[in-house]
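The values are calculated or read from the model by the stated rules, or taken from the named source; none is laboratory data. Owing to the predicted nature of the structure, the values given are computational and were not obtained by experimental measurement. Here the Cβ is made from the backbone with ideal geometry for all residues, glycine too, and neighbour counts use every protein chain on show. Remember, those area values only see protein heavy atoms, side chains included, never the ligands or the DNA or RNA. Shrake-Rupley method; radii C 1.70, N 1.55, O 1.52, S 1.80 Å.
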Amino acid sequence: MNEQTLERFDVVELVPGFRPPPQAARPPAGAALADASRRARAWTSDVQDELKPGTERHRREVCRMFRDTFNPYRPAVLDWPKLDAATLQRIVSLPIWDIAVQTEGKARLRMAAYARTLGDADMREALALNAWEENRHKEVLSNMVRAYGVRLAPEAAYEYPSDPEWAYLVTGYSECIDSFFAFGLFEAARRSGLFPPELVETFEPVMQEECRHILLFANWAAWHRARLPWWRRARFELKVLAVWAFLGWERIGLARSIDAEGNAQAQDNNFTVRGAKSVTDGAIKVRDLLALCLAENARRFSGYDARLLRPTTMPRLARLALKCMRKDG
């Protein structure tokens, strides 16, 4: 399937043997909804032994965590609250929607493409479910922008990656970076009161799902590298370094994008601080934003078994940055 351009995404066709989770005729409500939310954010293995990366036990429990914490919300029946004119304008003017929708479109295909290559049935199923959930995120975003009249640039057809492992690594590490900041920005939006609580709550399952995704990625990476012979592991580590270099270059530079009118314009991929100012009632200091991101990152991971590995690069960089900053900075 290399170098194929896909106009329609179907993870069932892309990953042989995958079956989507069963969907109830009606979404959970009341106590059932609260239980689904609780199960999505808290999981502990009943295995008493160490979950050492590379072992069958580690792989089995990681995949079981991902299955057990599935949240059965349905994008088609999410209630989008009616917004006042000021809030609607704030939503429409956020500089993220084109990138967000297209990022989810790429992520679902890259994850499905890599899942297709895996020989381990358990891990293949987990990554295929991850791809299915990324497609659901895209549906959530598409439904939201449609409900609020946000104009998006036309989506180009998505190309099947020629190197599925590279594409999966780019997507996985990119999500580790973006989710770290998204956790803090989401909480800043909630605290600011500039967005109705109903809208914030509607997106809450998506935010927690991103936490599950990067938890799966971190443990897949550890499981994968632990199983490689030394010569293949050295090549894999070089590929990981190349991915980080690529992501750094992508975020430091300016990418060309097309707006809803079809005009080319410069788009800053690193819009974190810009986004923070958009979702709060005033300027937010970088130091305060990093501290909030660290706190929210820890909170969202706190319910999962402590023996499962967490993404560590962004928290470490944030702590280092905080140490180097002046307290009034």
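A few points about this structure:
- Close pairs (6 angstrom Cβ cut-off, 6 or more residues apart or separate chains): within 17 Å of ARG316 (Cβ to Cβ) in region 287-303, outside any helix (DSSP H, G or I) and not acidic (Asp, Glu) anywhere: ARG287/MET325; ARG287/GLY329; PHE301/ARG310
- Set ALA113, ALA107, ALA100: member being touching a residue at least 24 places away in the same chain (Cβ under 8 Å), surrounded by 13 or more Cβ atoms within 10 Å (Cβ to Cβ) and in contact with a Ser or Thr (Cβ under 7 Å, 6 or more places away or on another chain): ALA107
- When the residues of region 152-171 are filtered to those that are in a loop (DSSP other than H, G, I, E, B) and open to solvent by 30 Å² or more (accessible area, probe 1.4 Å), the one that is modelled with the highest pLDDT is ASP163.
- If you go through region 17-55 and keep only what is free of Cβ contacts under 8 Å to residues at least 24 places away in the same chain, surrounded by 13 or more Cβ atoms within 10 Å (Cβ to Cβ) and either among the aromatic types (Phe, Trp, Tyr) or farther than 23 Å from HIS213 by Cβ (or both), you end up with just ALA32.
- Positions within region 172-191 being farther than 18 Å from ALA221 by Cβ and either open to solvent by less than 30 Å² (accessible area, probe 1.4 Å) or in a loop (DSSP other than H, G, I, E, B) (or both), in sequence order: PHE183, GLY184, GLU187, ALA188, ALA189
- Flag if ARG307 is more than 18 Å from THR69 (Cβ to Cβ) and either open to solvent by 30 Å² or more (accessible area, probe 1.4 Å) or part of a helix (DSSP H, G or I) (or both): no
- Those residues of region 56-97 which are within 19 Å of ARG227 (Cα to Cα) and touching a residue at least 12 places away in the same chain (Cβ under 8 Å), in sequence order: HIS58, ARG59, ARG60, GLU61, VAL62, CYS63
- Region 56-70 - residue that is open to solvent by 20 Å² or more (accessible area, probe 1.4 Å) and in a helix (DSSP H, G or I) and, of those, farthest from ALA222 (Cα to Cα): ASP68
- ARG326 meets each of the listed conditions (1) modelled with pLDDT under 95; (2) in a loop (DSSP other than H, G, I, E, B); (3) open to solvent by less than 20 Å² (accessible area, probe 1.4 Å) apart from (3).
- Of the numbered criteria (1) assigned to a helix (DSSP H, G or I); (2) closer than 29 Å to ARG26 by Cβ; (3) at pLDDT below 90, the one TYR73 fails is (1).
- When ALA121 is tested against (1) modelled with pLDDT of 95 or more; (2) small (Gly, Ala, Ser); (3) open to solvent by 20 Å² or more (accessible area, probe 1.4 Å); (4) touching a helix residue (DSSP H, G or I) at 6+ places or on another chain (Cβ under 8 Å), only condition (4) is not met.
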